[in-house]
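First up is the structure itself, then whatever we jot down about it.
Rule-based calculations on the coordinates, nothing more; no lab input. These numbers were taken from a predicted model, which means no experiment stands behind them. Here Cβ is always computed from backbone atoms with ideal geometry, including for glycine, and neighbour counts include all displayed protein chains.
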Ligand SMILES: [Zn+2]
């Protein structure tokens with residue numbers, strides 16, 4: 001039992017003796033506050049957890065495990081290899097009795113509707129730093145989610161740029177640098193005619209052959225058609241993956257309406273990204289790929305919130321990653 005719970009018990013023990021109306025008020029306020037903040041798992045939640053089957057032992061990875069009774073309605077398993085006991089949520093981001101999965105669901109749905117961190121966490125009666133912790137946990141689960149993405153057929157590609165946070169800005173004669181400068185973070189955005197997307201942070205201010213290849217090479221099927229602007233570094237990709245190239249000059253396309261613009265498919269994604277990140281202005285730039293993975297997940301199949309959340313929970317259970325407060329948070333590159 002955590003320290004907080006113990007304190008709670010002590011306060012509640014007033015109830016046993018004759019208490020004054022003030023004490024009663026404090027007890028009931030504290031009780032409802034505690035229940036609001038840490039609701040117990042409902043019957044439905046226990047049923048849901050009971051329905052989950054882990055891929056393998058969270059400690060050694062062995063798939064050789066057996067059922068080993070139940071605890072508070074939740075099945076316990078025992079690993080035949082390392083003989084340790086575990087439950088479906090052991091060593092996952094949900095491995096905390098404090099936050100029921102139903103609260104995660106609420107938070108997640110708000111996210112999918114592009115609510116900012118403070119709104120989403122306020123709705124869940126949690127402090128906003130808890131909200132940030134939830135994001136970090138989500139990033140952890142979604143890490144590498146685009147690894148197996150391969151775009152094919154007709155592929156629209158264009159870079160978008162994020163500003164570094166003000167304190168990291170490089171000034172020239174005390175003034176901001178204009179255009180594509182060192183104060184930008186280049187991110188490759190691509191989508192194919194089946195709607196499959198790829199959003200990869202290049203961690204450079206200006207795309208180079210090297211950064212373009214590193215971000216995209218393994219995600220483009222050979223012989224596809226690349227529809228793009230005249231960005232030079234794309235040529236390296238075109239050569240490497242033997243692509244057909246359809247070039248539209250930015251000076252020409254910027255005069256066209258969205259509908260007429262041949263790059264509209266990728267431009268539309270740019271504006272969704274800007275809208276999404278606009279709600280999270282003060283985000284930690286080292287987590288940018290995490291944000292992009294989250295947005296990719298929000299915009300990709302499955303589309304119904306329930307199915308999306310289920311896919312997320314399944315991934316969370318299969319990756320066995322937990323985030324502790326002492327974990328370094330500045331992992332820059334998505335593996
Ligand atoms: Zn094991």
*With label points built 7 Å along Cα→Cβ from the Cα atoms of residue 217 and residue 275, find their separation and express it in nm.*
3.6 nm
_Suppose each label sits 7 Å from its Cα in the direction of the beta carbon; what would the residue 47-residue 114 distance come out to in nanometres?_
3.6 nm
*With the Cα gyration tensor of region 236-280 giving a ≥ b ≥ c as the square roots of its eigenvalues, does the rule (a/c under 1.5 for rounded; else a/b larger than b/c for prolate; else oblate) give rounded, prolate or oblate?*
oblate
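I need the peptides 186-195, 44-53 ranked by packing, meaning the mean over residues of other C-beta atoms within 10 angstrom, with the highest value on top.
Packing order, densest peptide first, comes out as 186-195, 44-53.
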*Provide the FRET efficiency to the nearest 0.05 for the residue 24-residue 246 pair, computing r from the beta carbons and using R0 = 56 Å.*
0.15
*Protection proxy ranking, peptides 231-241, 62-72, average beta carbon neighbours within 10 Å, highest first*: 231-241, 62-72
*What is the spin-label model distance, in nm, from residue 55 to residue 230 if the labels are put 7 Å beyond Cα along the C-beta direction?*
4.7 nm
*From a point 7 Å beyond the Cα of residue 206 in the direction of its Cβ, which residues of region 219-243 have a backbone N at a distance under 17 Å?*
230-236
